[in-house]
Amino acid sequence: MSRKLPALPGKAAKSAKVWLTPRETAERLGITLRRVQQLAATEGLPKRGDARTARHPWPTVRAWYDSYREQAFLRKHRPTELSTARARKVAAEARLAEVQARRAEGDVVDVMDFDRAVGDAFQRVDRKLKAVPARLGPQVAPPDQVPVLVAKLRSMIEEIRDELRMAHDVPPHREQEGHDAA
């Protein structure tokens, strides 16, 4: 029976490693138990534990096995132009099939869907940040000091927002997309 590592919150839990027995690994890879044992003993198939207590990390093992098969194919076929092109095609088809399988299992999401989700999250955070000065000022300052505090908070929050907009790994704010393209 497989043992999962501690789950991460939300959808991230789907990407956590699962530790499989050699038999489970063989079933998922579509090979025999003996072949899994041979690969672990002689070829470096990722595992933890000895032969009796071996556990293999999924999906790491899947990626390792795909790479191993691709390399075996390339070694078997002499690198002529035609065989090299065929090898690249087979490798590309294998990678595509793996991505499609992982997408069907929910382990992979489309980049545009991810960007949209992250962008939506940043917009929600941005709205909350904009509301902080007006909501917090009256709660923490005497009435005559509220305008000064609100102005200081707005300045600080604008610096935070500017920093977020400058980050290369953060999608542009939807209001700015038209300005960035120009």
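Some values worked out for this structure:
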{"quantity": "Scope region 38-60; condition part of a helix (DSSP H, G or I) and of a type outside the set (Asp, Glu); matching residues", "calculated": "Gln38, Leu39, Ala40, Ala41, Thr42, Thr60"}
{"quantity": "Enumeration of residues in region 41-87 that are among the hydrophobic types (A, V, I, L, M, F, W, C) and either closer than 20 Å to Arg28 by Cα or not assigned by TED's automatic domain parsing to the domain that holds Val18 (or both)", "calculated": "Ala41, Leu45, Ala51, Ala54, Trp58, Val61, Ala63, Trp64, Ala72"}
{"quantity": "Enumeration of residues in region 62-115 that are outside any helix (DSSP H, G or I) and farther than 18 Å from Val18 by Cα", "calculated": "His77, Arg78, Pro79, Thr80, Val109, Asp110"}
{"quantity": "Test: residue in region 51-58 that is buried (at least 17 other Cβ atoms within 10 Å of the Cβ), charged (D, E, K, R), in contact with a strand residue (DSSP E or B) (Cβ under 9 Å, 6 or more places away or on another chain) and modelled with pLDDT of 90 or more", "calculated": "yes"}
{"quantity": "Residue list for region 41-83, filter: more than 27 Å from Val108 (Cα to Cα) and in contact with a Lys or Arg (Cβ under 9 Å, 6 or more places away or on another chain)", "calculated": "Gly49, Ala54, His77"}
{"quantity": "Pair list, Cβ under 7 Å, 6 or more apart: region 122-137 residue within 9 Å of Val150 (Cα to Cα), other residue of a type outside the set (A, V, I, L, M, F, W, C)", "calculated": "Pro133/Arg154"}
{"quantity": "Any chance Pro6 is modelled with pLDDT under 85, within 19 Å of the chain's Cα centre (by Cα) and not in a helix (DSSP H, G or I)", "calculated": "yes"}
{"quantity": "Filtered residue count, region 147-182, keeping only those that are at pLDDT below 85 and either part of a helix (DSSP H, G or I) or farther than 27 Å from Asp115 by Cα (or both)", "calculated": "12"}
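The values are calculated or read from the model by the stated rules, or taken from the named source; none is laboratory data. Predicted model, so just to flag it, every value in this text is computed and none were measured. Backbone-built Cβ (ideal geometry, glycine too); neighbour counts: all protein chains shown.
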